[in-house]
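Each remark here refers to the structure printed beneath this line.
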Protein chains: 2
Amino acid sequence: MVKIAIDMMGGDDAPGIVLEAVEKAVKDFKDLEIILFGDQNKCDINHGRVEVRHCTEAITMEDEPVRAIKRKKDSSMVRMAEAVKSGEADGCVSAGNTGALMSAGLFIVGRIKGVERPALVLTLPTVSGKGFVFMDVGANADAKAEHLLQYAQLGNIYAQKIRNIEQPSVALLNIGTEAAKGNTLTKKAYHLMEEQQGFHFSGNVEAKALMDDAADVVVTDGYTGNMILKNLEGVAKSIGKMLKSTLLSSFKNKLAALVLRKDLNDLTSKMDYAEYGGSVLLGLNGIVVKAHGSSNAKAFYSAIRQAKVAGELNIVNTMRETVGTENG
Amino acid sequence: MVKIAIDMMGGDDAPGIVLEAVEKAVKDFKDLEIILFGDQNKCDINHGRVEVRHCTEAITMEDEPVRAIKRKKDSSMVRMAEAVKSGEADGCVSAGNTGALMSAGLFIVGRIKGVERPALVLTLPTVSGKGFVFMDVGANADAKAEHLLQYAQLGNIYAQKIRNIEQPSVALLNIGTEAAKGNTLTKKAYHLMEEQQGFHFSGNVEAKALMDDAADVVVTDGYTGNMILKNLEGVAKSIGKMLKSTLLSSFKNKLAALVLRKDLNDLTSKMDYAEYGGSVLLGLNGIVVKAHGSSNAKAFYSAIRQAKVAGELNIVNTMRETVGTENG
């Protein structure tokens with residue numbers, strides 16, 4: 001049995017889509033228990049494996065992250081994180097304020113001893129549909145080379161366990177493929193990664209190759225990772241907009257668009273990284289999954305499944321043994 | 001009369017496309033003179049305003065930039081840069097080795113006194129077709145906040161003079177729009193830009209808004225700028241690939257594709273930044289334009305026109321007066 005704590009109040013369409021996702025999840029997975037944190041008056045779930053715990057507060061998208069976590073002690077997000085900290089839950093999922101969730105992860109769940117900085121990891125789509133693990137997408141704007149090395153170690157375990165890749169190729173995002181390319185940070189990180197034995201370092205990868213299955217895990221600092229993520233989002237959206245206006249620009253085009261509609265929608269969903277689940281804060285003493293803020297029930301469901309699988313496989317323990325210093 | 005020095009030997013399809021572009025340029029612009037540097041046996045141009053100077057060497061894409069510039073003294077690129085340095089030519093254009101051209105700019109043409117780092121600037125497409133000035137796209141992988149401030153000053157002048165925008169909005173690329181967002185570098189740069197009076201600072205802009213006319217000039221460090229550039233390229237290519245395979249996936253789709261073909265090609269060329277000319281190394285004592293390595297004659301022609309306009313308007317002088325310290 002895996003127990004997952006869920007923040008009922010976070011995200012644009014909460015609690016509606018959260019409850020819908022929870023209902024589907026407990027129906028599909030017979031070994032899943034859920035603790036739902038939030039306003040019990042807004043919850044109509046009645047299920048043997050779903051426990052509702054009433055909270056009087058909620059953290060909003062406008063809340064300043066650290067302050068919210070410190071002050072809103074009875075918020076659904078804080079109490080959810082406490083359930084992971086205490087060991088009552090194996091992991092947690094929220095679609096709320098990302099900064100606040102990261103703070104809850106850091107200050108409540110806590111870091112694995114020896115992990116200097118947790119990193120936010122996401123699976124991004126590739127043309128083939130395979131996808132790749134990308135990190136850090138924004139947990140820490142500044143990073144040192146040693147942090148990038150730890151991200152690589154964490155990402156390697158994540159790809160092995162969650163994505164079932166026996167020997168993942170781990171690459172460093174850079175502005176050239178040669179070892180000597182890059183800024184001070186990536187040049188130093190390249191050498192650190194080259195010297196270690198814990199994972200298969202496949203060298204530098206350029207941003208233009210990301211969608212071509214260049215590597216199973218791609219590591220970068222949180223500033224660059226967040227930048228790339230938003231750029232992908234922006235470009236895909238802009239091209240979509242231009243394509244749409246082309247398809248509507250004449251009567252003959254509209255007819256052609258009608259023929260293509262289904263296939264173009266399939267293509268769009270292939271580009272949508274929400275389909276791959278939420279982002280996970282790695283390096284903590286528990287599983288913390290961020291479902292996308294504009295999640296629909298399907299995306300939130302994926303995030304719950306992700307937390308469940310991570311809990312079952314006990315990836316936190318593997319990270320503690322491999323990257324942490326407690327037993328080292 | 002404007003005189004432009006041109007490297008006949010640089011780029012994938014040199015000298016063929018270079019000569020084609022030069023012929024068209026001297027035909028279109030009656031006030032343009034060209035000095036062509038390269039192997040005279042490969043040049044069949046016979047025109048009163050085109051002078052050919054024979055060079056016995058050429059710098060290849062494989063050459064190590066700094067070494068090539070120091071050793072290949074009779075290469076077309078070195079001699080072209082020397083013509084700018086001596087004042088004989090107003091500017092120069094090459095589609096050759098980017099690193100070598102930047103080195104030629106730095107070590108032969110030389111920096112404007114007071115400009116700490118030259119920056120590579122490019123005009124990128126937006127959905128509306130307006131485009132924006134983006135820099136640094138890779139002249140310096142590492143940057144300090146003071147460098148970003150100078151990039152902004154240089155970009156402001158470039159947008160005013162070359163893109164005819166009276167009061168350009170100048171933004172800082174960042175991972176959030178609020179002033180407090182970013183890494184150490186962008187936080188500091190934000191404050192420096194906010195404090196100055198020389199240009200209209202419009203704040204932070206996120207990578208997802210770049211193609212929506214978020215600002216006229218967008219400034220970032222060379223590592224991030226190069227990353228974004230390659231990511232744009234990669235995503236556009238990947239989406240194109242996926243779209244193409246969708247269009248060819250069935251007989252009915254192929255028919256629809258036939259109807260759409262012309263409009264989709266127009267859309268592709270709208271996304272192609274080569275259409276906006278080459279990239280320019282700003283902050284030097286002369287105009288140095290890099291035409292894209294895979295340039296066709298049209299793109300090389302755009303780069304020549306760009307150098308010509310920059311020469312006519314004497315943007316180097318404006319930069320010297322505004323950003324330089326010689327008169328300050």
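Assorted remarks:
- Selection of the stretch B:255-284 for residues being of a type in the set (G, A, S) and facing chain A (nearest Cβ under 10 Å) yields B:A256, B:A257.
- Tallying residues that are surrounded by 24 or more Cβ atoms within 10 Å (Cβ to Cβ) and either at pLDDT below 95 or within 13 Å of chain B (Cβ to nearest Cβ) (or both) within the stretch A:124-136 yields 3.
- Subset of the stretch A:15-45 [among the small types (G, A, S) and surrounded by fewer than 24 Cβ atoms within 10 Å (Cβ to Cβ)]: A:G16
- Residues that are without any contact (Cβ under 8 Å) to a residue 24 or more places away in the chain, closer than 20 Å to B:L255 by Cα and of a type in the set (D, E, K, R) do occur in the stretch A:238-248, at least one of them.
- The stretch B:84-107, residues that are surrounded by fewer than 24 Cβ atoms within 10 Å (Cβ to Cβ) and over 30 Å from B:D213 (Cβ atoms): B:K85, B:S86, B:G87, B:E88, B:D90, B:G99, B:S103, B:L106, B:F107
- Qualifying residue in the stretch B:258-265 (condition: outside the structural domain of B:M77 (by TED's automatic domain parsing), over 30 Å from B:F107 (Cβ atoms), open to solvent by less than 20 Å² (accessible area, probe 1.4 Å) and not basic (K, R)): yes
- Whenever a residue of the stretch B:111-136 is farther than 27 Å from B:K208 by Cβ, its partners that are open to solvent by 10 Å² or more (accessible area, probe 1.4 Å) and of a type in the set (S, T, Y), lying with C-beta atoms within less than 6 angstrom and at least six residues away or across chains, give the pairs B:K113/B:T325; B:G114/B:T325.
- Tally, over the stretch B:153-180, of residues that are over 16 Å from B:L210 (Cβ atoms) and in contact with a helix residue (DSSP H, G or I) (Cβ under 9 Å, 6 or more places away or on another chain): 13
- Set side by side, the residues A:A171, A:A145 differ, and just one is more than 26 Å from A:M271 (Cβ to Cβ), touching a residue at least 12 places away in the same chain (Cβ under 8 Å) and among the hydrophobic types (A, V, I, L, M, F, W, C), which is A:A145.
- Segments classed as strands (runs of 3 or more DSSP E), wholly inside the stretch A:157-254, with at least 1 members that are within 11 Å of another protein chain (Cβ to nearest Cβ) and surrounded by 20 or more Cβ atoms within 10 Å (Cβ to Cβ): A:169-174, A:200-206
- Taking the stretch A:140-175 as the range and being closer than 20 Å to A:N314 by Cβ and over 19 Å from the mean Cα position of the chain (by Cα) as the test, only A:E166 passes.
- Complete set of residues in the stretch A:93-110 that are free of Cβ contacts under 8 Å to residues at least 60 places away in the same chain and either assigned by TED's automatic domain parsing to the domain that holds A:E146 or not aromatic (F, W, Y) (or both): A:G99, A:A100, A:S103, A:I108
- Within the stretch B:143-156, the set of residues being part of a loop (DSSP other than H, G, I, E, B) and open to solvent by 40 Å² or more (accessible area, probe 1.4 Å) comprises B:K144 only.
- A single member of A:N156, A:N140 is assigned by TED's automatic domain parsing to the domain that holds A:N204, at pLDDT 95 or above and either closer than 22 Å to B:N226 by Cα or not hydrophobic (A, V, I, L, M, F, W, C) (or both), and it is A:N156.
- Taking the numbered list (1) assigned to a helix (DSSP H, G or I); (2) over 21 Å from A:D221 (Cα atoms) in turn, A:L106 passes all entries but (2).
The values are calculated or read from the model by the stated rules, or taken from the named source; none is laboratory data. If you're wondering where the values come from, they're calculated on a predicted model, not measured in any experiment. Neighbour counts run over all protein chains shown; Cβ positions are idealised from the backbone, glycine included. When the accessible area is computed, the model is the full protein with side chains, heavy atoms only, and any ligands, DNA or RNA have been set aside. Shrake-Rupley method; radii C 1.70, N 1.55, O 1.52, S 1.80 Å.
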